[in-house]
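Laboratory data are not the source of any read-out in this text; all were calculated from the coordinates shown. It should be emphasised that the depicted structure is a prediction, and the values quoted were computed from it without experimental measurement. Glycine gets a Cβ as well: all are built from the backbone with ideal geometry, and neighbour counts include every protein chain shown.
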Amino acid sequence: MHSQKRTPAAFVPFRDRKVLARVRAIKREVPGLLVMTDVCNCEYTSHGHCGYIKDGDVDNDTTLQWLAKSALSHARAGADVVAPSDMMDGRVWAIRQALDRSRRALERDAHMRALHESYSSLTPREREVMECVVKGQTSKEVGRTLDVSPRTVEIHRTRIMDKMQAGSLAELVRMVAVLEIPLTRTRHAQK
C-alpha cells in the first residue's frame with residue numbers, strides 16, 4: 001500500500017516504478033520463480049475505488065485502459081501472471097487484448113529483425129540477382145542483365161532462397177515488399 005494516495009488526475013498506476021523495479025529485481029535474482037502481480041487501481045486513488053471517477057460516476061472505459069496498461073507494464077517487467085483483482089466490467093477482455101496486441105507487435109518486430117539480418121547476409125551480387133528475380137526475370141534474362149551465365153544465376157538464386165529462408169518465389173517477393181527494397185538499382189549489362 002502506498003503511503004500517499006494519488007488524485008485521479010495523477011492516476012498512472014502503469015508507471016509505478018517501485019512495482020516494476022521489484023518485479024525486475026525478483027526475475028533477475030531468481031529467474032525460475034513464478035512472479036504474479038495484482039492488477040488493481042484502488043491503492044492508487046484517493047477514494048479507494050478500483051475505477052476512475054468522473055462526474056461522480058465510475059468511468060469504466062478509462063479504467064479498463066489503465067488496467068490494461070498496468071497489466072502490460074507488469075508483463076513487460078517480467079511478471080509471469082497478471083491477476084486483476086478489481087471489480088470492473090470487461091477487465092479480463094481489455095487486459096487480454098492489450099497483451100495480445102503487444103505479443104503480435106513483438107512478433108512482428110522479431111520477424112522484421114530476422115528479415116533484415118537475412119537480407120544483410122546477402123552479397124552485393126546476390127542482392128542484384130534477387131532484385132531481378134523478384135521483378136519476374138528468368139535465369140536467362142537475369143544472366144543477360146548482369147552479364148553472367150544462367151547457371152551462375154541459379155547458384156545465386158539457391159543461396160538467396162536459403163539465406164532468406166524463403167520456401168518459394170512468392171514468399172521471397174513478399175519479403176522484398178515487407179523490407180521495402182527498391183527494385184530500380186539493378187545495373188544493366190553493356191551491349
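Shown in residue order for segment 17-32 are the 3J(HN,Hα) couplings computed by the Karplus curve 6.51 cos²θ - 1.76 cosθ + 1.60 at θ = phi - 60°: 4, 5, 5, 5, 5, 5, 4, 4, 5, 4, 5, 6, 6, 9, x, x Hz (x for Gly and Pro). Placing unit charges on the Cβ atoms of the charged side chains and taking the dipole of the chain about its Cα centre, the candidate lying farthest along the positive direction among 146, 132, 111 is 146. Close amide H contacts of residue 45 (hydrogens built in the peptide plane, cut-off under 5 Å, sequence separation of 5 or more or a different chain): 6.
About its Cα centre, what dipole magnitude does segment 8-107 give when the only charges are +1 on Lys and Arg Cβ and -1 on Asp and Glu Cβ, stated in debye to the nearest 20?
Details: 15 positive and 13 negative charges, 131 e Å.
In total the dipole reaches around 620 debye.
Proximity of backbone amide H atoms, modeled 1.01 Å from N, is registered between residue 39 and 83, 85 at under 5 Å, excluding neighbours fewer than 5 places apart on the same chain. Computed from backbone phi, the HN-Hα couplings of segment 112-123 come to 5, 4, 5, 4, 4, 5, 5, 5, 5, 6, 6, 6 Hz, rounded to whole numbers (Karplus: 6.51 cos²θ - 1.76 cosθ + 1.60, θ = phi - 60°; Gly and Pro given as x).
Using +1 on the beta carbon of Lys and Arg, -1 on that of Asp and Glu, and nothing else charged, what's the dipole of the chain about the Cα centre, debye to 20?
Dipole magnitude for the chain comes out near 820 debye.
Our note on the geometry: Cα centres of segment 120-149 and segment 33-66, 58 Å apart. Taking amide hydrogens as placed 1.01 Å from N in the peptide plane, the amide H of residue 53 sits under 5 Å from those of 59, each at least 5 positions away in sequence or on another chain.
I'd like to know how the chain sits against the 2.2 N^0.38 Å rule of thumb: what's its Cα Rg over that expected value?
Numbers: Rg = 26.5 Å, N = 191, 2.2 N^0.38 = 16.2 Å.
Cα-based Rg divided by the globular estimate yields 1.64.
Per-residue Karplus couplings for segment 35-40, computed as 6.51 cos²θ - 1.76 cosθ + 1.60 with θ equal to phi - 60°, are listed in order as 10, 10, 10, 8, 10, 8 Hz, Gly and Pro entered as x.
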